[in-house]
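So the structure is just underneath, and the comments pick up after that.
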Amino acid sequence: MNFFKFTSVLSMLFLFSFCSFGQVGINTTNPLSTLDLNGNLSIKVLTLNGGNSVAAATIINDGVYISLDPRNNTSDFYSLPNPVNVPGRVYFIRNITDFDTAKLSIQGSSRFFPKNSSSGSFTLDLPPNAINKTIILVSDGFNWTYYN
């Protein structure tokens, strides 16, 4: 009888592990990707005020769509996490003011790379009225790549 219980438990664990590595579908019966979403997606939106220096930068560590709100007719500073610690993370970031520049830096020694470029920088400005007002940032596990 103990052998039967052991075999049953082992069989159930095997079936559970086999099923748990499959694809997940939301609002679909036939998922074609690891996560297959057939419908709308809502993401977390945050508005952040910046710090007055690189040392006092507001740390961006939550949310997906981030509205940066620099104030007081000065450049405000924001800091992204080290991309080594958050590989694959994606942020949509927008400077929502029309007068002040938002300045991004990175915790650690990584760089910002524009799409299709091998020339990176340690800081990135999001001016109030220019093409870089809104960007998408993707961590490749070493640096942040940005798209505008």
Correct semi-axes for region 28-100, from √(5λ) of the alpha-carbon gyration tensor and rounded to whole Å with the largest first, are 32, 16, 7
Region 95-137: chymotrypsin sites (Phe, Trp or Tyr not before Pro) falling in loop per DSSP and having at most 13 other Cβ within 10 Å: F99, F122
Compute the FRET efficiency between S75 and L35 as 1/(1 + (r/R0)^6), taking r as their Cβ-Cβ distance and R0 = 25 Å, and round to the nearest 0.05. 0.05
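Bear in mind that the values in this text are calculations on the coordinates, not laboratory data. Quick caveat, the model's predicted, so the values are computed rather than measured. Note that each Cβ is placed from the backbone with ideal geometry, even for glycine, and that neighbours are counted across all protein chains shown.
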